[in-house]
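Heads up, the thing below is written out as structure tokens.
The values are calculated or read from the model by the stated rules, or taken from the named source; none is laboratory data. These numbers come from a predicted model, not from an experiment. Backbone-built Cβ (ideal geometry, glycine too); neighbour counts: all protein chains shown.
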Amino acid sequence: MNPANPASSYRNTGVDALRGVSILAVLLLHLNIHFSINSSFIKEWLPTKLFSVLFWSGYNGVVVFFTLSGYLITLSSLNKWQSLDQLKVKQFYLMRAARILPMLVTLLLVLSLLHLLNTPGFVISPDKTSLTQALFSALTFQMNWLQINVGYLPANWDVLWSISIEESFYLVFPLACLLVRNEKLFAALLIIFLVISPWARLSLFPGNELGDRNHLAYIDSLGVGCLVALLSSRLSILPSVKNASLVLGVVLLIVSFAYKGMIYRSGLTQMGLNVSLLSVGVGLVLIWLHGRQSRASRFSWTYRWLCRWGKFSYEIYLTHMFVVIVAAKIFTSFEIDMALLIPFLLISSLACYWLGKGIFYHFSEPLNKKIRHRFQSY
């Protein structure tokens, strides 16, 4: 999801870890769907809540990505230009394009080829839409609207709805900064967005399963991230307040991931506030994490591993379905013993990781640096 900034010696490992949790949540959901884990012995073995957290949290993972995106884009803009009203629109667009477009355009070329070759699992049904329309929607940040109108699309096409929302955010963010030209007014505008989004999730496309993929539905998540970056950069927050923020944020994250049923029964889901609750939880954790750059090597190997998943999350997000679909096809076609399901899932997950890592180091990040260097004077 939100593309990582170029690697540096010191990073906010907490943000990387949150990214890692998010991409794993998305991956495990898709493994669950394609391997029918919900009907396997794994569901019987694991406690109900743990199974739900592990294999039914992909949507929450995307919401976390949105909040992190708002935070990171605002923070990087403040670090580069000191004030949002000093933001250079052309530079901003070039930096975002350098990080996002090489990977996205290459993915679309590969998906188009697989569609034209009638590759099972990658063919867009003509009853839904055409390849031309899908490409146009992906390149104009409208894949979410296309899916609202036609339903789910196959494989990697399906995950592009969230990329369209993020890309639209990248288009609007610098323009909003320059138009508002007042950080207090900008913060007030973000707070208004917190009210609009729950309404947009519920009311814009009632009865449509994918109606909550519209652009307005997640401006609260993006807005919370922006607001946290702005306030944390401008205010001196007491350590005791930061610690309290961490505790409350973790509680909200646990509730959002592990107690979805309780949230539904409370009526929050029906009011569209379940996403807002999760976004606020992430925001509170980000308040504590703000300014805590450190080397991942200081931590345990499990934490470092989680941070690496986060570092390559954009590449993994766009490509993991290649591995998931092929792995599921192999598992069913060769009638592999169900006793081998867990090691097969582990191998598939590692393959997703290594594919994303390889693409990051050998394709997307070198191109990112080359494009930024080429246009650094703009």
Scanning segment 111-127 for residues that are more than 13 Å from Asp158 (Cα to Cα) and in contact with a helix residue (DSSP H, G or I) (Cβ under 7 Å, 6 or more places away or on another chain), the one surrounded by the most Cβ atoms within 10 Å (Cβ to Cβ) turns out to be His115
Among helices (runs of 4 or more DSSP H) entirely inside segment 278-378, those with 3 or more residues being under 17 Å from the mean Cα position of the chain (by Cα) and within 21 Å of Leu24 (Cα to Cα) are 301-311, 313-333, 341-359
Turns out the helices (runs of 4 or more DSSP H) fully within segment 1-110 with at least 3 residues that are more than 26 Å from Ser197 (Cα to Cα) and either in contact with a Cys (Cβ under 7 Å, 6 or more places away or on another chain) or not hydrophobic (A, V, I, L, M, F, W, C) (or both) are 13-35
The one condition Ile237 fails out of (1) in contact with a helix residue (DSSP H, G or I) (Cβ under 7 Å, 6 or more places away or on another chain); (2) assigned to a helix (DSSP H, G or I); (3) not polar (S, T, N, Q) is (2)
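Condition check ((1) touching a Lys or Arg at 6+ places or on another chain (Cβ under 6 Å); (2) of a type in the set (Val, Ile, Thr); (3) exposed (fewer than 13 other Cβ atoms within 10 Å of the Cβ); (4) touching a residue at least 24 places away in the same chain (Cβ under 8 Å)) across all residues:
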position	(1), (2), (3), (4)
Thr269	no, yes, no, no
Val280	no, yes, no, yes
Ile316	no, yes, no, yes
Ser333	no, no, yes, no
Pro343	no, no, yes, no
Discussion item. Would you confirm, using the coordinates I've provided, whether Phe141 is crowded, with 17+ Cβ neighbours inside 10 Å and outside any helix (DSSP H, G or I)?
Written reply: yes
If we ask which residues in segment 58-95 are crowded, with 19+ Cβ neighbours inside 10 Å, within 18 Å of the chain's Cα centre (by Cα) and farther than 21 Å from His290 by Cβ, their number turns out to be 4
*asked:* Criterion first (among the acidic types (Asp, Glu), under 29 Å from Leu235 (Cβ atoms) and either at pLDDT 95 or above or under 15 Å from the mean Cα position of the chain (by Cα) (or both)) does Glu183 satisfy it?
replied: no
- State whether one or more residues within segment 145-164 are more than 17 Å from the chain's Cα centre (by Cα), farther than 17 Å from Glu209 by Cβ and at pLDDT 95 or above. no
A careful count of residues in segment 103-147 that are of a type in the set (S, T, N, Q), within 24 Å of Ala200 (Cβ to Cβ) and in contact (Cβ under 8 Å) with a residue 60 or more places away in the chain gives 2
Checked segment 240-267 for anything surrounded by 15 or more Cβ atoms within 10 Å (Cβ to Cβ) and not in a helix (DSSP H, G or I); matches are Tyr259
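Yes/no per residue for (1) in contact with a Lys or Arg (Cβ under 8 Å, 6 or more places away or on another chain); (2) touching a residue at least 40 places away in the same chain (Cβ under 8 Å); (3) outside any helix (DSSP H, G or I):
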| residue | (1), (2), (3) |
| --- | --- |
| Ile163 | no, yes, no |
| Ala176 | no, no, no |
| Phe186 | no, yes, no |
| Ile196 | no, no, no |
| Leu202 | no, yes, no |
| Gly207 | no, no, yes |
Per the filter on segment 9-34, residues surrounded by fewer than 24 Cβ atoms within 10 Å (Cβ to Cβ), over 18 Å from Tyr71 (Cα atoms) and among the β-branched types (Val, Ile, Thr) are Ile33
